[in-house]
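The values are calculated or read from the model by the stated rules, or taken from the named source; none is laboratory data. Predicted, not measured: the structure shown is a model, and the values here were computed from it. Backbone-built Cβ (ideal geometry, glycine too); neighbour counts: all protein chains shown. Side chains are part of the model used for accessible areas, which takes the heavy atoms of the whole protein and leaves out ligands, DNA and RNA. Shrake-Rupley method; radii C 1.70, N 1.55, O 1.52, S 1.80 Å.
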Amino acid sequence: MPGPDLTRVADYFHTYTNKVPENDLSTAFKNQSTLLNPFFKNIPEEKIDYRYAEGKWTVKEMLQHLIDAERVFAYRALCFARKDSTPLPSFDENLYADNSQADKRDWNEMLEEFWAVRKTTEMLFNSFDDEQLDSSGIASNNKHYVLGLGYIIVGHVNHHVGVLKERYF
């Protein structure tokens, strides 16, 4: 799988796609997983409910956001790969976070869920052939394509891990 054609990715999402150094999506998923496993395991228990400023997400809310966003982006990719032309709605990440109840969840269960979602995302993208990876559709009033969504998924996680490293730890 080659790198994404950025002319087919909405400018807003270049923030994420530019955070993926690999030119192969399968390799990007594998490399990221190798780095994330020790990163998440080494987050101290006393930090999981920490927020660096009033109104900012806690570490648990950030992880829940990563889970939710990956599901949303993977669903979009699935719809487009299957030639569903129905325009898909926006994803209000703050609304999702406000209603996630992440603060009541067990951290280890959340990590298990993240890895389960990631495994199915990788399997989904590995199942797509070139025609499916090139398929496109509308989400959040923007045109997207499947391969670009894969890079958005990886870059989105890279972005938020960077925020965690910079502002939380």
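Points worth noting:
- For residue 110, the conditions (1) of a type outside the set (Phe, Trp, Tyr); (2) out of contact with any strand residue (DSSP E or B) (no Cβ under 7 Å at 6 or more places or on another chain); (3) open to solvent by 10 Å² or more (accessible area, probe 1.4 Å) all hold with the exception of (3).
- The range 8-28, residues that are β-branched (Val, Ile, Thr), assigned to a helix (DSSP H, G or I) and touching a helix residue (DSSP H, G or I) at 6+ places or on another chain (Cβ under 8 Å): 15, 17
- The combined condition, being open to solvent by 40 Å² or more (accessible area, probe 1.4 Å), assigned to a loop (DSSP other than H, G, I, E, B) and in contact (Cβ under 8 Å) with a residue 12 or more places away in the chain, is not fulfilled by residue 100.
- Count of the range 116-163 residues which are in a strand (DSSP E or B), surrounded by fewer than 21 Cβ atoms within 10 Å (Cβ to Cβ) and among the hydrophobic types (A, V, I, L, M, F, W, C): 1
- Only one of the numbered conditions (1) modelled with pLDDT of 95 or more; (2) over 19 Å from residue 115 (Cα atoms) is not met by residue 12, and that is (1).
- Residues in the range 70-97 that are among the charged types (D, E, K, R), open to solvent by 20 Å² or more (accessible area, probe 1.4 Å) and assigned to a helix (DSSP H, G or I): 71, 93.
- Count - residues of the range 36-69 that are surrounded by 12 or more Cβ atoms within 10 Å (Cβ to Cβ) and either in contact with a strand residue (DSSP E or B) (Cβ under 9 Å, 6 or more places away or on another chain) or part of a helix (DSSP H, G or I) (or both): 16
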